[in-house]
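Coordinate-derived values only; no laboratory data. Quick caveat: nothing in here was measured; it's all calculated off a predicted structure. Because the Cβ atoms are built from the backbone with ideal geometry, glycine has one as well, and the counts that use them run over all protein chains shown.
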Amino acid sequence: MVYCPECETDLDIDEDEVDEGAVVSCPECGADFEVITVNPVELKKVGEDEVEEDEDEEDDREKPKPYALIFGTVWDPDGHPLYGVKVKIRRADEKRAHWELYSNHTGEFAQRLPVGKADYIVWADVKGYKLPSGRQLKPGPEVTVHIDDDERSDIGLHLDW
Ligand SMILES: [Zn+2]
């Protein structure tokens, strides 16, 4: 019995009648195999060694777009990370928040930004934010982040009572 190297289906080949160089197709997965040797039958997937690494092709492959990253943590005044706080980011030369996101369960947030020299202002919007204790938080000082190129900048947003 000769089995498909791809899917293990019985290819139903008569080992005494098959010739070297013959091409057999698997009825199950559709792969084509060339008979390399007989007795025992050895199969090689057709076209496998035609797949050569083409250097041009590699250059054409899409590269991940570069970006800058602000990675931050929101802290309460006692130094605990805070979940679910709305974080806003704007370019220093613009008035409105351009990005808005929320801190995750470990108080962290990450925002991708375009590559290039720019200053960004990051602040917490605690309007409507409720602590389980009922205490009201105040937004802490805004944080200015300077980005030069495509680097990652780590910051902390410290809230006040
Ligand atoms: Zn198969």
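Above 14 angstrom, tally the Cα pairs of the stretch 68-158 and express them as a % of all pairs, no decimals.
When all Cα pairs of the stretch 68-158 are counted, 62 percent exceed 14 Å.
Per residue, how much space in cubic angstrom lies within the convex hull of the C-alpha atoms of the stretch 1-150?
232 Å³
What does the helix-only formula give at 222 nm for the chain: each DSSP H stretch with n ≥ 4 adding -39500 (n - 2.57), the total divided by the residues, and the result rounded to the nearest 500 deg cm²/dmol?
-1000 deg cm²/dmol
What order, most packed first, do the peptides 26-36, 94-104 have when packing is the mean number of other Cβ atoms within 10 Å of each residue?
In descending order of packing, they fall as 26-36, 94-104.
Once you place label points 7 Å from the Cα toward the Cβ at Asp160 and Trp99, how far apart are they in nm?
Result for the modelled spin labels: 2.6 nm.
Cα-Cα over 31 Å: which of Lys65/Lys138; Lys65/Lys127; Lys63/Lys127; Lys65/Lys88; Lys44/Lys65?
Lys65/Lys138; Lys65/Lys127; Lys63/Lys127; Lys44/Lys65
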